[in-house]
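Below is one structure, written out as structure tokens; comments come after it.
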Amino acid sequence: MEIIEGVSGAHFSGWRPSSTAPTSPSSPTAPSQQPFVIGVSGGTASGKTTVCELIIQQLQDCRVVLVCQDSFYRGLTNEELKHVHKYNFDHPDAFDTEQLVETLSKLKSGHSVQVPIYDFKLHQRSSDIFRLVNASEVIIMEGILVFHEQRVRDMMNMKIFVDADPDVRLARRIKRDTVDRGRDVHSVLEQYAKFVKPAFEDFILPSKKYADIIIPRGGDNGVAIDLIVVEHGLGYFPFKEKQIITPTGATYTGVEFCKQLCGVSIIRSGESMENALRACCKGIKIGKILIHRQGEETQLIYEKLPNDISERHVLLMDPVLSTGNTASQAIELLINKGVPEANIIFLNLISAPEGINCVCTRFPHLKIITSEIEEGLNDQCRVIPGLGEFGDRYFGTDD
């Protein structure tokens, strides 16, 4: 038996104090907490894979694995192969749901698993090759019917439904099935009309009601991906269960943060991240810090923070982390205001290794969440390749 190491989709920044070594399929890991499971569903060719890839890019501070429901297709019998054009691959019965449930359960318990490899041209599983998937901090389960089975839904911490125009999905499916799976256009259209469209209406679309987040336009919707990143940052704050009675008299069990939160943006680039934070936390207080930077020298110009900020968890926002000097002065200000270092999460989009090293060395108990670690800094202390001056690009004031 040959096992293929499932390294695709695994990311680790190297700046955290410890990492999890790969384990054998039979031995459990010893994680400090259970993995965070994200389910991604939607119609055929809606952009689920693109959304998963963008989420993985945004979560580079974590070990992430992607598990696709397509890997759990049942192999067709000889009789089914004779009439393959009559077989409904979009029906729940086409999948080995029991194995999918068992696989996700093992991953969530900290065990490595062997995921089958399915051949879409032969409609069979490989008998001697598997993909080895190690336990990780974040598990993404993707597929058209991952919300259909309640046992799978119940293991998910976040459920995302990717919505796309039916015509766009059909065009993408034609391209995928003819190029990647060796089918002709006539058979693709026939299968779509006979099986794919009815299955979407009967099974996939109804599961949309289980989604926590619905992403229109799939991977083209960058705003929705930003919201998911902010949600991930909020997930590091301590919370507890809370029950409320809704206006209809029903009891809803949710969570509330153990301490009050607030955002702090480093003017002016950091202000570009405020809308995403407000969308996740309605009415959240947001403070401001303005720091003038000249080369490697920084000077505090202005600060306006909540009076009770010392009693809050703080999400510090600045899209670009370059030298780390500006971020360090902002963090130092928060600590002087009484905010414990461990209560600060620094959220940004692009980081240079030099900046990460500077901040983590000075503030080892602070968490940094970034979507991309770039090559480094040039002689003007600009991140390369980077995005240029983020504030000017965002606010439209660049030349």
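The values are calculated or read from the model by the stated rules, or taken from the named source; none is laboratory data. All of these numbers come straight from a predicted model, not from anything done at the bench. Note that we place each Cβ from the backbone using ideal geometry, even for glycine, and neighbour counts take in every protein chain shown.
Taking the criterion of being in a loop (DSSP other than H, G, I, E, B) and surrounded by fewer than 18 Cβ atoms within 10 Å (Cβ to Cβ), the only residue of segment 97-114 that qualifies is Ser109.
Within the span defined as segment 16-39, every residue fails to be more than 23 Å from Ile373 (Cβ to Cβ), in contact with a Cys (Cβ under 9 Å, 6 or more places away or on another chain), modelled with pLDDT of 65 or more and not small (Gly, Ala, Ser). Within segment 223-235, the presence of a residue that is surrounded by fewer than 14 Cβ atoms within 10 Å (Cβ to Cβ), outside any loop (DSSP other than H, G, I, E, B) and at pLDDT 65 or above is excluded.
Exactly one residue out of Ile331, Ile350, Ile344 is of a type outside the set (Ser, Thr, Tyr) and at pLDDT below 90, and it is Ile350. Condition first: closer than 20 Å to Gly287 by Cβ and at pLDDT 90 or above. Can you find one or more residues in segment 371-394 that meet it? No, segment 371-394 has no match at all. Look at (1) at pLDDT 90 or above; (2) surrounded by 17 or more Cβ atoms within 10 Å (Cβ to Cβ) and you find that Leu189 fails only one, number (2). For segment 44-69, a tally of residues being touching a strand residue (DSSP E or B) at 6+ places or on another chain (Cβ under 6 Å), of a type outside the set (A, V, I, L, M) and either closer than 23 Å to His111 by Cα or surrounded by fewer than 16 Cβ atoms within 10 Å (Cβ to Cβ) (or both) returns 4. For segment 194-206, does any single residue satisfy the condition of being among the basic types (Lys, Arg), surrounded by fewer than 20 Cβ atoms within 10 Å (Cβ to Cβ), at pLDDT 90 or above and under 23 Å from Leu54 (Cβ atoms)? No - not one qualifying residue is present in segment 194-206.
Counting the residues of segment 145-158 that are under 18 Å from Glu53 (Cβ atoms) and buried (at least 22 other Cβ atoms within 10 Å of the Cβ) gives 1. Summed over segment 126-144, the residues that are buried (at least 19 other Cβ atoms within 10 Å of the Cβ) and over 23 Å from the mean Cα position of the chain (by Cα) give a count of 1.
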